[in-house]
Amino acid sequence: PTLVPTPYNDPVYVRSQILHAATLHTPSAHQQATTIYKEILRNTNNEHTDALHLLGLATYQFHSDVPYAIQLLEAAAQSQRNKSARGEAVDERLLVAVLVNLGEICRAGGWGERGRRRFKEARGVAEARLLDLDFAEDEEELVDLATGIFNAHYNAAQSYRDDENPTDALRSLQNALDTIFRLPPNTPQSNELAYKVHVDFGQIHFNGGDFQ
C-alpha cells in the first residue's frame, strides 16, 4: 500500500513539534504538550523515543501518575533497544537520559531495586559509547555521557539512602565523585557536582549511617 504523506513523515517537522511541546511543561500548558506527544506517537507507531520520554516526564510531574510514567519511559527505552536489534543507529545520549529518569521515577515510586537496575543499564550504555569517542572531536557528547554516569551513580546513592544502606550509598557516592574527573576540570558544572557529593558524604558520616 502507498503511504499517505503526512507532516509526521518529516523528521524535521516532528523535531520542531517536540521542541515546542517541551516548552509547554508548565502547570497551565502541559495538557497542550501532552496532546502534541500523543499525536506524534499516533503517527509514529508509538515508538518515538522523545515523545514517549517527555510524555512520561509530564505524566509524572503534573499528574503524579508513577505507574503510567514508568510504563512510558520503559517504552521509550525499549524503542532504542529495538533500533539496536534492527541494526539501526541508537541515540546513546538519549537512552542514558531516559534510563536515568526512569530509575529516578522508580525510586520515587518506592521501587528502589528496579530503579537501581535502570541506573546500572544507563552506566553500561554510556561506558560502551565512551569507548568509541575522541575527546577532541566529541567533547559535547562525552560530557553528556559522563554526566549521565554521574547521575546514575548519584541517584543510586540516594536510593540506597532511602533503604537505610549507608555502605552502598557511600560506595555509589565515591563512584559518582570519580566520574567527575572525566569532565573538564574547574568548570561550574564539575564544581557543582563535586559539592553535591561532598554534602552527601558529610551528611552520611555525620549521621553515622542513621537515616532516621
Looks like the range 39-122, by Cα gyration tensor root eigenvalues a ≥ b ≥ c and the a/c under 1.5 rounded cutoff (else prolate when a/b is bigger than b/c, oblate otherwise), is oblate
Could you give the DSSP H helices of the chain that reach 15 angstrom or more along their long axis (alpha carbon positions) and whose average Kyte-Doolittle hydropathy is no lower than 0.5?
92-108
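Please give the per residue accessible area of the range 10-140, computed with a probe of 1.4 Å over protein heavy atoms only, in Å².
That works out to 52 Å² per residue.
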Counting only protein heavy atoms and a 1.4 Å probe, tell me what percentage of the range 1-133's accessible area is made up of carbon and sulfur.
53 percent
Cα gyration tensor of the range 23-164, axes a ≥ b ≥ c as square roots of the eigenvalues: rounded (a/c below 1.5), prolate (a/b > b/c) or oblate?
oblate
Row for the range 106-174, column shape: gyration tensor on C-alpha, a ≥ b ≥ c, rounded if a/c < 1.5 i.e. under 1.5, prolate if a/b over b/c, else oblate; value prolate
Could you pull out every one of the lysines with an alpha carbon less than 30 Å from that of Lys83, ignoring same-chain neighbours closer than 8 positions?
Lys38, Lys120
Under 14 Å between alpha carbons, and skipping anything fewer than 8 positions from Lys196 in its own chain: which aspartates and glutamates qualify?
Asp178
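The values are calculated or read from the model by the stated rules, or taken from the named source; none is laboratory data. Since we're looking at a predicted model, the values are computed, not measured. These accessible areas exclude ligands, DNA and RNA; they are computed on the full protein's heavy atoms, side chains included. Shrake-Rupley method; radii C 1.70, N 1.55, O 1.52, S 1.80 Å.
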